[in-house]
Ligand code: IVH
């Protein structure tokens, strides 16, 4: 029998180690522990790994095997402890030596200015105070105690005085060192926030949905739920993260003690703790406001959730003078962001029909303010989502709004159920044209099969005329609906038969706007091929696929005639997309419609001359430019024959960097790629 390589390697390893003396094993174990902690720090704290995950796992496995072979050499701060231990019966209580305080909140600029004024009044000064501004991590506060540089215990905040000993669980968090580096204090109480990043949260909920387990409403609940696990093996799977932002007592720090919050963060970093790099020292209240606003802008794009910023007086002498009121220090405030999540009630569920006939159930909600925006609708995606989350009409639900995307129902608050809630099923007939609704196999989406469904027609035409497609300015949703309702158009090409008189014949259409519309329609006949292909509304063909098609096949005639196989050979086109394109161009009705469109005078602009000043050059954009938006800069580069790529690689010629440029800029520096400011770039073109 042939054994796989993996097993052979383990057997070889065991037999090689069989005759090891305890002394040899000790040396090897110590080296492995040191190396593993070193790589752990590089990976989880510095975000700059030196070895692959597989290498790390092999070393960890090797250490585990050795520790099992020599149980006397086991130790509480060995990296093998990160894999979780025996489940606990219950958590022991832990009383903090120094109480863990909470923070007072400020919900507006005025409230922050009041905080600043209060501090100045208290300190009897009119000079500006130096603040340290940090992100307010949306997780849970933890204290980790190190004795003689080794992880000793970790506890939750609890009521601030007594929390729970969650050491086993905290040890599974890779961003938390089990041994400190540098000049080690006798005892150290590190304070910080354990949290789950957005990607881990999404994955966790996806898994839970698949396993029909209840979902977590947000990353904070997921992190708290994971820390409250009695079985630390489960916590180990949850991929928690950690940022430290302070210390408990400082009495036992050797040498010079930090004199400010800033120095504390510096010291924590030196000891090997993970500290957020977004932290900033601010010398005036105005700088604090700018920090807040920038953090609010960055909020969506950060890999973890923050719910505000924390402003702390930097100087410890001033902190001491300010002291504490009730359970919060006078020297710090949590300057909160508007919440992204609220609960409300689903009043009804309606179905919308899209351009491809897809039926989307939409929850109509009791209006609620979410982060400054009134939300009255949330997408329910499809029937599967409704069933999995068991969403019913009348339910109280958590809704979340993130950026510009349509608000979503995260989960149902089942404890609020009265028994009067009603289940919802997508209708078997299209609510608009009464055609059959089908749900294709292995597709979650239900579709109306009606070829003349007015809803599909309207959405298809709205897409056809939209800005990034044929760009007919002035032809918005309202007018398209009016045109379809009054039967002036029943397919895309009918738009080109419209006349000023016909438009003016409709309600609320004046001469001037009709004239403008006709002009915009005429203007649209001159179009690039890729826009036209995108405008056709072929299922699965967005702007970038349309562009790839044109690049690969050159003309509409070629695109409409290529084989399925040739389509699949285009780099970003897979089987489903290829099939969709192929069947679109082989459908008799579509062929006729395309011919009709062309007969109306649509003609394609020659592809942009690639011989501009930037011809052959690849750019990567990062950060916010002072005057141009990203899409404007992209267009400018492309207009001059250059290409814009998403990621920095050896093939990148220039990186155009604005403010708040992040990892792309770092990578460009590492690769020695020229970095341009907006001004330098403008000079080039
Ligand atoms: S300092 C006395 N800094 O916010 C200072 N807290 O309501 C106590 N938090 O319980 C905390 N990020 O869970 C501080 N950068 C940060 C923080 C932070 C999140 C949490 C922490 C605390 C709560 C205060």
Exercise for the section: Output the relative contact order of the chain, whole-number percent, from Cα pairs under 8 angstrom with separation of 6+ residues. Expected result: 8
Completion exercise
Of 131-138, 252-259, 639-646, ordering from highest average Cβ density within 10 Å down gives 131-138, 639-646, 252-259
Practice task
Indicate, rounded to the nearest 5 percent, the antiparallel portion of the DSSP beta bridges found entirely in segment 296-454.
Solution key: 95
Practice task
Return an integer: the convex hull volume of the alpha-carbon atoms of segment 125-274, in Å³ per residue.
Solution key: 137
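Take each of the peptides 523-531, 460-468, 367-375, average the number of other beta-carbon atoms within 10 Å over its residues, and list them starting from the highest.
So the order, starting with the most tightly packed, is 460-468, 523-531, 367-375.
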Exercise for the section: Using a/c under 1.5 as the rounded threshold, could you call segment 474-529 rounded, prolate or oblate? The axes a ≥ b ≥ c are square roots of the C-alpha gyration tensor eigenvalues, and prolate needs a/b larger than b/c, oblate otherwise. Expected result: oblate
Practice task
Bin all alpha-carbon pair distances of segment 460-562 at 5 Å intervals from 0 and give each bin's fraction as a whole percent.
Solution key: 2, 13, 23, 22, 16, 10, 8, 4, 2, 0
Exercise for the section: Work out how far the C-alpha atoms of the chain reach from end to end along every principal axis, then list the three figures in whole Å, largest first. Expected result: 88, 81, 68
Fill in the blank from the handout: Quick shape check on segment 249-344: root eigenvalues a ≥ b ≥ c of the Cα gyration tensor, a/c under 1.5 is rounded, otherwise prolate if a/b tops b/c, else oblate, and it reads prolate
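Which three semi-axes in whole Å describe the equivalent ellipsoid of segment 551-685, each the square root of 5 times a Cα gyration tensor eigenvalue, listed largest first?
Equivalent ellipsoid of segment 551-685: 37, 18, 13 Å, largest first.
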Problem - Contact order normalised by residue count of segment 366-432, Cα under 8 Å, 6+ apart, percent - result: 30
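Report for the chain the percent antiparallel among DSSP-assigned beta bridges with both residues inside it, nearest 5.
Taking every DSSP beta bridge within the chain, about 85 percent pair in antiparallel fashion.
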Handout entry: Alpha carbon centroid spacing (whole Å) that separates segment 36-97 from segment 668-685
Key = 43
Practice task
Compute the normalised compactness of segment 87-173: alpha-carbon radius of gyration over 2.2 N^0.38 Å, N being the residue count.
Solution key: 1.50
Practice task
Any chance you could check the Cα centroid distance between segment 571-621 and segment 363-431 for me, in angstrom?
Solution key: 38
Problem - Cα gyration tensor category, rounded, prolate or oblate, for segment 31-95 with a/c compared to 1.5 - result: oblate
Problem - Scattering profile of segment 33-180 at q = 0.17, 0.20, 0.21 Å⁻¹ [log10 I(q)/I(0), Debye over alpha-carbon scatterers] - result: -1.06, -1.26, -1.32
Problem - Ranked packing of 419-425, 498-504, most packed first, by mean Cβ within 10 Å - result: 498-504, 419-425
Exercise for the section: Report, in deg cm²/dmol and to the nearest 500, the calculated mean residue ellipticity at 222 nm for the chain, where each DSSP H run with n ≥ 4 adds -39500 (n - 2.57) and the sum is divided by the residue count. Expected result: -11000 deg cm²/dmol
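We did not get these values from a lab; they are worked out from the coordinates using the rules stated. Everything numeric here is computed off the predicted structure, so don't read it as measured data. For neighbour counting, all protein chains shown are included, and Cβ atoms are generated from backbone atoms with ideal geometry for every residue, glycine included.
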